[in-house]
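Report on the structure given below.
The values are calculated or read from the model by the stated rules, or taken from the named source; none is laboratory data. Remember, predicted model here, so these are calculated numbers, not experimental data. Glycine also receives a Cβ, built like all others from the backbone with ideal geometry; neighbour counts cover every protein chain displayed. Each accessible area value is taken on the protein alone, full model and side chains, heavy atoms only, with ligands, DNA and RNA left out. Shrake-Rupley method; radii C 1.70, N 1.55, O 1.52, S 1.80 Å.
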Amino acid sequence: MASTTSPGRFITLEGGEGAGKSTLARGLADALGAQGAEIVLTREPGGAPGADTIRALLVSGDASRWSATEEALLFAAARLNHLTHTIRPALARGGWVICDRYYDSTRAYQVAAGGLAPETLDTLNTLIHAPAPDLTLVLDLDPESGIGRSRGALKGEDRFEKKDAAFHQRVRAEFLAIAKREPERCVVISSAQPAAAVLAQALNAIEARL
Ligand code: TMP
């Protein structure tokens, strides 16, 4: 996969709503950019013009607007567009891609919480040749605090936030389960601490592993 064949580095940030991924992403971009690397800060769904158009369909409107299967297809289309136009070219140039959410979010939201069959996601990942990240930082936070901190509603992007508490508990549990299953790729960091401490732990993990 890309992690071993491309000169760049692919770091993904995962976690539930309001876990502080965007703040961490900006902090990492500043710190790693200061060391001279080309940093590409991006996010899913989105990160390329076509994928941004699909994002608007996914994150706004009624919570029941799409089924988990429909969502997974839309996320996969957005992901392929993002990989083609943003992620793969950046990795090929030797850049460091910091991506706010990636396929672990599909496993947490659509599979574990939404009921999609895990094999369906595996098939979609194979179809779009989704490279494995070199490192995944999982920000862990109790969903109740996270939803309170999230600003999705202000941007009209609260379609997933509107799902019930049990849904968000399943999302949290799955991110932790993914990290347990793949300890060589994933590091869990508690978000129930100041942003500066989260950033310091993330930079330590990057230094130790990449
Ligand atoms: P964001 O709020 O972190 O920008 O993410 C947008 C929403 O999309 C968030 O509620 C999580 C959801 N999501 C999925 O359900 N599956 C996915 O594969 C991705 C990338 C995001």
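In the set Gly20, Gly95, Gly16, Gly61, which member is touching a residue at least 60 places away in the same chain (Cβ under 8 Å) and touching a His at 6+ places or on another chain (Cβ under 7 Å)?
None of the others qualify; the one that does is Gly16.
The residue that is nearest to Arg9 (Cα to Cα), among those in segment 113-161 that are charged (D, E, K, R) and part of a helix (DSSP H, G or I), is Asp122. In segment 75-134, what residues are closer than 21 Å to Gly20 by Cβ and of a type in the set (Phe, Trp, Tyr)? Hits for segment 75-134 are Trp96, Tyr102, Tyr103, Tyr109. Taken as a whole, the structure leaves Leu127 outside the set of residues that are free of Cβ contacts under 8 Å to residues at least 12 places away in the same chain and open to solvent by 40 Å² or more (accessible area, probe 1.4 Å). Restricting attention to segment 143-181, which residues are open to solvent by 60 Å² or more (accessible area, probe 1.4 Å), more than 10 Å from the ligand (Cβ to nearest atom) and among the charged types (D, E, K, R)? Matches in segment 143-181: Glu144, Arg149, Asp164, Arg170, Arg172, Lys180, Arg181. Give all pairs with beta carbons closer than 8 Å in which a residue from segment 166-181 that is among the acidic types (Asp, Glu) meets a residue that is at pLDDT 95 or above; count only pairs at least 6 apart in sequence or on separate chains. Close Cβ pairs satisfying both conditions: Glu174/Arg107; Glu174/Ala108; Glu174/Val111; Glu174/Ala112; Glu174/Ala113. Part of a helix (DSSP H, G or I), away from the ligand (no atom under 16 Å from the Cβ) and touching a Leu at 6+ places or on another chain (Cβ under 6 Å): is that true of Ala202 in this structure? Against the criterion (part of a helix (DSSP H, G or I), away from the ligand (no atom under 16 Å from the Cβ) and touching a Leu at 6+ places or on another chain (Cβ under 6 Å)), Ala202 qualifies. The number of residues in segment 183-210 that are in contact with a strand residue (DSSP E or B) (Cβ under 8 Å, 6 or more places away or on another chain) and either open to solvent by less than 30 Å² (accessible area, probe 1.4 Å) or closer than 18 Å to Arg101 by Cα (or both) comes to 11.
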